[in-house]
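The values are calculated or read from the model by the stated rules, or taken from the named source; none is laboratory data. A quick note: this is a predicted structure, and the numbers were derived from the prediction, not measured. Backbone-built Cβ (ideal geometry, glycine too); neighbour counts: all protein chains shown. Side chains included, ligands, DNA and RNA excluded: accessible areas come from the protein's heavy atoms. Shrake-Rupley method; radii C 1.70, N 1.55, O 1.52, S 1.80 Å.
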Amino acid sequence: MQTLEERARRFASKAHAASEQRRKYTYEPYIVHPAAVVELVRSVCDNEEVLAAAWLHDTVEDTDTTILDIEERFGPRVAALVLMLTNPEQPPGTNRAHRKRAHFLHTAQASADAQTIKLADIIDNTREILRYDAHFARVYLIEKRLQLAEMKRGNEALKARAENIVEEGISQLMMPPYNVPAAWFTQLMARYQA
């Protein structure tokens, strides 16, 4: 009989493959991202429900999967964790800053286990962003800085690692060849905090 985690891995693999989802920039099968998130979470936690939720963390947001599907297959705790990791729906036409503020608030209210998964997600999404898209990284890294500042419950080691990646990326953007002025980052942060 398969473990809960193995069932979650298989379900997530099929769901992401069915939606023909690929990783941005590398075009690898999308499941490489949940797999990386799971391994980061596994480095600090061995709870099978948390690991299952790490495999499933993007399924509701990025595939045809619903929270009800997750609950029926994996139970209420896994479904609750996935719900905490799923961006809240926003009205059509909502600007990026407003959407992200709502997402940051949603994440800030998440449980310690959900925040631990989110920290692993941030680490995997930010460690290569500068290499692949320095222009988008200017915005994305500030968004992650603001989001991390609101997260008080997740694993401290993963949070420190995520903060380090974000701050190193911002520092690199201020140096050649990018030369983004510090004032640019300050103004962007103010826009999100308005």
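How much FRET efficiency would the formula 1/(1 + (r/R0)^6) give for residue 32 and residue 87, where r is the Cβ-Cβ distance and R0 is 30 Å, rounded to 0.05? Intermediate values should be presented prior to the final figure.
Numbers: r = 21 Å, r/R0 = 0.69.
The pair residue 32/residue 87 has a calculated efficiency of 0.90.
Taking the chain on its own, what percent of its Cα-Cα pair distances exceed 31 Å?
Numbers: 3077 of 18721 pairs.
Considering the chain, 16 percent of its Cα-Cα pairs are separated by more than 31 Å.
Helix 112-126: angle to the longest alpha-carbon principal axis of the chain, degrees 0 to 90, nearest 10? With rounding to tens, the tilt is 60 degrees.
The mean accessible area for residues of segment 1-152, using a 1.4 Å probe and ignoring ligands and nucleic acids, is 49 Å² per residue.
In terms of packing, defined here as the mean over residues of other Cβ atoms within 10 angstrom, the peptides 22-32, 98-108 line up highest first as 98-108, 22-32.
With a Förster radius of 30 Å, plug the Cβ-Cβ distance of residue 171 and residue 111 into 1/(1 + (r/R0)^6) and report the FRET value to the nearest 0.05. Don't skip to the answer; put the middle values down first.
Values: r = 32 Å, r/R0 = 1.05.
Once the sixth-power term is evaluated, E becomes 0.40.
Principal-axis analysis of the Cα atoms of the chain puts helix 134-150 at an angle of about 70° to the longest axis. Here segment 76-107 is scanned for amide nitrogen atoms under 17 Å from the site 7 Å beyond the Cα of residue 187 along Cα-to-Cβ, giving 97.
Note on the chain: Lys pairs 8 or more places apart or on different chains, Cα atoms under 26 Å apart, count 15. Shape annotation for segment 62-112: C-alpha extents along the principal axes are 35, 27, 13 Å, from largest to smallest.
Dipole orientation for the chain: of the candidates 137, 187, 117, 187 has the Cα lying most toward the positive pole (charges on Cβ; Lys, Arg +1; Asp, Glu -1). Segment 17-74 and segment 102-141 have Cα centres lying 15 Å from one another. In terms of overall dimensions, the C-alpha atoms belonging to segment 91-194 reach 39, 34, 21 Å along their principal axes, ordered largest to smallest. Summarising the label geometry, the points placed 7 Å from Cα in the beta-carbon direction at residue 160 and residue 134 lie 3.1 nm from one another.
Largest GNM mean-square fluctuation among 68, 85, 130, using the chain with Cα springs under 10 Å: 68. When the chain is treated as a Gaussian network with alpha carbon springs shorter than 10 Å, the biggest mean-square fluctuation among 89, 128, 48 belongs to 89. Maximal additional length on extending the residue 178-residue 127 stretch stands at 16.6 nm, based on 0.36 nm per residue less the C-alpha distance. Among the protein heavy atoms of segment 1-152, carbon and sulfur supply 51% of the accessible surface, probe 1.4 Å, non-protein parts ignored. Length gained on full extension, residue 6 to residue 150, computed as 0.36 nm times the residue gap minus the Cα-Cα distance: 48.7 nm.
Quick one: go through segment 166-187 and flag any residue whose amide nitrogen is under 15 Å from the point 7 Å out along the Cα-to-Cβ line of residue 97. So the set is 184-187.
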